[in-house]
Amino acid sequence: MKAKPGDTLLAGSGSTGLIVKVLGADGQPPYVVKWLPGGHIAMVDPDQYARVSESGQPTGATGGPGLVRPGRERSG
């Protein structure tokens, strides 16, 4: 899993957060995430069910960020 600030983290629990800082090397976790809608900020090491949605991706039918399908995480 790779991310950059501004990407969206979609947790397996259904929670959504804005990645504000990447602490790992080369976009790897852990990430500092601002959870939406409450605004709580936490350092997160995502589990295997979490996905990253790149900033600027089209939104899904519910108006939320588009879900990156398993196996299609950004590789570069």
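The length gained by stretching the chain between E54 and L36 to full extension, at 0.36 nm per residue less their Cα-Cα distance, is 4.9 nm.
Modelled label positions at D26 and D45, each set 7 Å beyond Cα in the direction of Cβ, lie 1.9 nm from each other.
Every number here is computed from the coordinates shown, using simple stated rules; none is lab data. Note that the structure is a prediction, hence the values are computed from the model and not measured. So basically every Cβ, Gly included, is an ideal-geometry build from the backbone, and we count neighbours across all protein chains shown.
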